[in-house]
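Student: Before we start, here is the structure in question, set down as structure tokens.
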Amino acid sequence: MESQDRGTRFFLKRLRETMALALKEESRLAKIVALISGHMVAEVCSIYLRRPGGEMELYATEGLNPKAVGRTVLAAGEGLIGAIARHAQPLILQDAQNHPAFSYRPETGEEIYKSFLGVPIIRMGHVLGVLSVQNRRRRAYSEDNVELMETAAMLMAELLAGRAFHSRAARAAPNEALHLKGASLARGLAMGEIVLHQPRIHIETLLAEDSDREHERLDAALYDLRAELDEMRSAPSLAEGGEERQILEAHRIFADDRSWQARLHEAIETGLSAEASVERVQENIRARFLHQSNPYLKERLHDLDDLANRLLRHLTGGGMKPESLPEEAILVARNMGPAELLDYDKDRLRGIALEEGSALAHATIVARSLGIPLIGRLPDLLTIAAAGSAAILDGDTGALYLNPDRHLRAAYREKRKIRARRLKAYRARARRASRTKDGAEIALLMNVGLLMDLPQLEETGAEGIGLVRTELQFMIHAAMPRLSAQVALYRQILAAAGENPVAFRTLDIGGDKILPYMRNLGIRRQRGENPALGWRAIRIALDKPVLLRYQLRALLQAAAGKALHILFPMIATVEEYHQARALLRKEETHAERHGLARPRSVSVGAMLEVPSLIWQLEALLPESDFLAIGTNDLLQFFFASDRGDPHVGERYDPLNRGFLAALRHIHRKAEAAGVPATVCGEMAANPLHALALIGIGFRKITLAPSAIGPVKEAIGLLDLRALQEEMPKIFDDPASSPREILEDFAKKHKIPTVS
Ligand code: PEP
Ligand code: MG
């Protein structure tokens, strides 16, 4: 046993050394497969790599026909190799040719090999390829054999990490220029260096000579982990029976789990360092959860990831913060939450490219508000984009250029200059009133998320702040901001707006807006299938009134002597609105009783985001000082299409006739009741959509700062009377769509519609 372990360690050391050889990739991989087949006493060892489209290409082999390399390409999911890649699980067969998934490829000459053992090459939950061995005779591969192959695959994953896939058939150069086309989600141009978003800790040392020392290190780290969890569990701030305590209890039980610990120690026996063992065992757990659609189990995986990360931190002394960025960084991730985005240094983050992503997801909104271009829907990007390579990201067209040549760079530098000139022209127009050609005033206000948005008030000439997404500022704090901190924050916003109005929306948390300290507040993270329909926004506020009252108290204090506008998010029934107002009244009474300075006036309104409210306007409007239509959520609930889902997030056109009719109905009701109605979703940020809103009758629009210039330009060229004449056609002409009619109109009147 002892000598077998020594043999394994020696093999892994040689494997590592071979990987580090300064050879061409083809020669290096040829040496690696030869080494593995020798150690495994297998006639064949092959490496298949996953192409961006999911096909598996035979990339290197010892034993199969060398001419098949680069020529044998299995379709996604095809054959034994495809099955391993799809399920991210090892496959062990003694009679491979008779397996139903076996796919016969005559060029490989593999029909004579009976036994087969294949393991996935996984990194960060992504299958990069498959490593397999084959034997001519029937052979029962042992658990040790599987372990060893998995360890070798883990080392291969490190070798392959972040490198672009270059088909052997195409024999592409390593720094080949690649043009990928995704969806434009936040406009703008960026040039910089690719950084892969890796919330997990980076492991420096994968192999260890002295396994006794690694066992000791692991035991010490496990001891520290348990002590840390015990300390956290006994914190007086933790509510008895509360969610956080329950999670910590679960972590504690798992940390004690003997089989987990045994698996960690076994992994060390294969020659890995303690930290690589943690990663390896976690990668196996992750692979088993890969195809889980049950959201509860997915959350459990999240918890297990948390625990593994904690253990890694004890082993490496590393932090959880994202890595520091180079001067000009283009961040690449599968997807991202708004809080993760805010963790990065905004001055260095030039662009974001996501495999998923959608136009109305909050990370996109945050990116837009920070002026960071973002593109999404780039499948397999994490496997294609190599960390450190140069890239150009065009948020206007959705293009991502990897390793661009100097001509492309020059062209983009030029494009950047033109864009800067256009922005300068918008700024020059900031002082001018927002008025149509025939003199109608259309007020353009600004949406604010973070304090860093405030200077844009001046630059854009916005006539106030139509929406403060207060939760964004909460999301970048590690703990709930105290009353004094909240007062200071709101004061700063009011001061920046001067005499112009500011509408503060009370906390809209839940869904994809997660506060790091939510559990401490007794707010469990939504684990249902549809978090956007779940416990969020006003629903949390009414169930946990302390949170809302605290915020209202801060707002009343901050606005002393000024006009205060308060918006309640996601109101679905008039009763909810009444309850929210009742809490505000309590706070007003509290302020009065304590003799605190009061705002000059307090105006209150609801966000109309849930269609149910459209049919309660008669009851709502008499009690409202104003109304704000949140088209982002309204669209998602109107069409039942998750705004954060890349498949359906933009499936429906905001210029859909039915949706415009709903907006017209809201406008008519508000006008009849004498209640000003503002439109505050992203819809208004598109000049063509803004024309539709103005045509319906809206005169107050609130937008992301970057959209004010283009929309103001469109308004300045608009003949409102001519547009109004077009409106009946928009609603009633079945021969053409509202979009076509508006596009024709814009063209005829030479109104630019680029946002
Ligand atoms: C909306 O839903 O349109 C809105 C403005 O709110 P948020 O995008 O923050 O959900
Ligand atoms: Mg909303």
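The values are calculated or read from the model by the stated rules, or taken from the named source; none is laboratory data. Since the structure is predicted, the reported quantities are computational estimates derived from the model, not experimental observations. Cβ placement follows ideal geometry from the backbone for every residue including glycine, while neighbour counts extend to all protein chains displayed. Please note that ligands, DNA and RNA were not included when accessible areas were found on the heavy atoms of the full protein model with its side chains. Shrake-Rupley method; radii C 1.70, N 1.55, O 1.52, S 1.80 Å.
Student: Tell me, which longest segment in the chain has none of the GluC sites (Glu not before Pro) that fall in DSSP loops with at most 12 further Cβ atoms within 10 Å?
Tutor: Working: sites that count: Glu176, Glu204, Glu209, Glu240, Glu327, Glu499, Glu529.
Answer - 530-755.
Student: How are the C-alpha pair distances of the range 535-643 spread across 5 Å bins, as whole percents from the shortest bin up?
Tutor: Whole-percent P(r) values from 0 Å outward: 2, 12, 22, 22, 18, 13, 7, 3, 1, 0.
Student: Treating cross-link reach as a plain straight distance, find the lysines whose alpha-carbon is under 17 Å from the alpha-carbon of Lys513, omitting any fewer than eight places away in the same chain.
Tutor: Answer for Lys513, where 17 Å is the Cα cut-off: Lys544, listed by chain and number.
Student: Further, regarding this structure: Using amide H atoms built in the peptide plane, which far-off residues or other-chain residues are under 5 Å from Thr397 H to H?
Tutor: none
Student: Still on this structure, please answer the following. Counting Lys and Arg as +1 and Asp and Glu as -1, each charge on the Cβ, what is the dipole of the range 700-755 about the Cα centre in debye, to the nearest 20?
Tutor: In debye, rounded to 20, the range 700-755 gives about 260.
Student: Enter the Cα centre distance for the pair the range 531-573 and the range 715-736, rounded to the nearest angstrom.
Tutor: The range 531-573 and the range 715-736 have Cα centres spaced 38 Å from each other.
Student: Something else: Note down the relative contact order for the chain as a percent, whole number, built from C-alpha pairs under 8 angstrom at least six residues apart. List each step's numbers first, then the result.
Tutor: On the way: 1423 pairs, mean separation 80.1, N = 755.
Normalised by residue count, the contact order of the chain is 11 percent.
Student: How about Lys729: which lysines have a C-alpha closer than 19 Å to its C-alpha, ignoring those fewer than 8 places off in the same chain?
Tutor: Lys747, Lys748
Student: Once you have a ≥ b ≥ c as the square roots of the Cα gyration tensor eigenvalues for the range 364-477, tell me rounded if a/c is under 1.5, and otherwise prolate or oblate according to whether a/b is larger than b/c.
Tutor: Taking the square roots of the gyration eigenvalues as a ≥ b ≥ c, the range 364-477 is oblate.
Student: As a test, work out the antiparallel percent of DSSP beta bridges whose residues both lie in the chain, rounded to the nearest 5. Please list the in-between numbers first.
Tutor: Numbers: 46 of 84 bridges.
Rounded to the nearest five, the antiparallel share is 55 percent.
Student: In the chain, with Lys and Arg counted as +1 and Asp and Glu as -1 at Cβ, which of these residues, Phe289, Ile540, Ala673, has the Cα nearest the positive end of the dipole, that is, farthest along it?
Tutor: Positive-most Cα among the choices belongs to Ala673.
Student: Put +1 on the Cβ of every Lys and Arg and -1 on every Asp and Glu Cβ in the chain; which of Tyr141, Thr72, Thr631 then has its Cα farthest towards the positive end of the dipole?
Tutor: Most positive-ward Cα: Thr631.
Student: Let me ask you something else. What lysines does Lys13 reach when the alpha-carbon gap must be under 24 Å and sequence neighbours fewer than 8 apart in one chain are set aside?
Tutor: Qualifying lysines at Cα under 24 Å: Lys24, Lys31.
Student: In whole percent, what relative contact order does the range 426-491 give with Cα contacts below 8 Å and a gap of six or more residues?
Tutor: Taking the mean separation of contacting Cα pairs over the length of the range 426-491, I get 28 percent.
Student: Could you list which residues have their amide H under 5 Å from that of Ala386, counting only those 5 or more apart in sequence or on another chain, with H placed in the peptide plane?
Tutor: Here the answer is Ala164, since their amide H atoms fall under 5 Å of that of Ala386.
Student: Then there is this: Where the accessible area of the chain is counted over protein heavy atoms with a 1.4 Å probe, how much of it, in %, is carbon and sulfur?
Tutor: On the way: 16140 of 32050 Å².
About 50 percent, which is the carbon plus sulfur part of the accessible surface.
Student: Given the convex hull over the Cα atoms of the range 440-492, what projected area results after averaging over all orientations, in nm²? Working shown, then result.
Tutor: Values: hull surface 15.9 nm².
Spelled out: convex hull of the Cα atoms, projected over all directions, averaged, 4.0 nm².
Student: Leaving ligands and nucleic acids out of the surface, order Leu342, Leu207 by accessible area at 1.4 Å, largest first.
Tutor: Numbers: Leu342 15, Leu207 35 Å².
Result of the area sort, largest leading: Leu207, Leu342.
Student: State the percent of C-alpha pairs, over all pairs in the chain, separated by a distance greater than 46 angstrom. Write out the running numbers ahead of the final one.
Tutor: Values: 90463 of 284635 pairs.
Within the chain, distances greater than 46 Å cover 32 percent of Cα pairs.
Student: Angle between the Cα long axis of helix 25-39 and the longest principal axis of the chain, 0 to 90 degrees, nearest 10?
Tutor: Compared with the principal axis, the helix lies near 50 degrees.
Student: Moving on. Taking the Cα centre as origin and putting +1 on Lys and Arg beta-carbons and -1 on Asp and Glu beta-carbons, what dipole magnitude results for the chain, to the nearest 20 debye?
Tutor: It comes to approximately 2240 debye.
Student: What angle, in degrees between 0 and 90 and rounded to the nearest 10, separates the Cα long axis of helix 545-558 from the longest principal axis of the Cα atoms of the chain?
Tutor: 50 degrees
Student: Also, quick follow-up: Can you tell me the accessible area per residue over the chain, all protein chains present, probe 1.4 angstrom, in square angstrom? Don't skip to the end; give the middle numbers.
Tutor: Working: 32050 Å² over 755 residues.
Value for the chain: 42 Å² per residue.
Student: A further question on this structure: Which value, in Å² rounded to 10, gives the accessible area of Ile253 with a 1.4 Å probe and all protein chains present?
Tutor: Probe radius 1.4 Å; accessible area of Ile253 about 120 Å².
Student: Taking H as built 1.01 Å from N, whose amide H comes closer than 5 Å to the amide H of Val602, not counting residues under 5 places away?
Tutor: Leu564
Student: Quickly estimate the mean residue ellipticity at 222 nm for the chain, helices only: each DSSP H run with n ≥ 4 gives -39500 (n - 2.57), and the total goes over all residues, rounded to 500. Walk me through the numbers before you get to the answer.
Tutor: Working: 26 runs with 330 residues, N = 755.
For the chain, the value works out to -14000 deg cm²/dmol.
Student: Using the alpha carbons of the range 593-709, what is the convex hull volume per residue in cubic angstrom, as a whole number? Walk me through the numbers before you get to the answer.
Tutor: On the way: hull volume 18.1 nm³, N = 117.
Value for the range 593-709: 154 Å³ per residue.
Student: Something else: What Kirkwood hydrodynamic radius, in Å, does the range 600-645 give when the mean of 1/r is taken over all pairs of distinct Cα atoms and then inverted?
Tutor: Working: mean 1/r = 0.0861 Å⁻¹.
Across the range 600-645, the inverse of the average 1/r is 11.6 Å.
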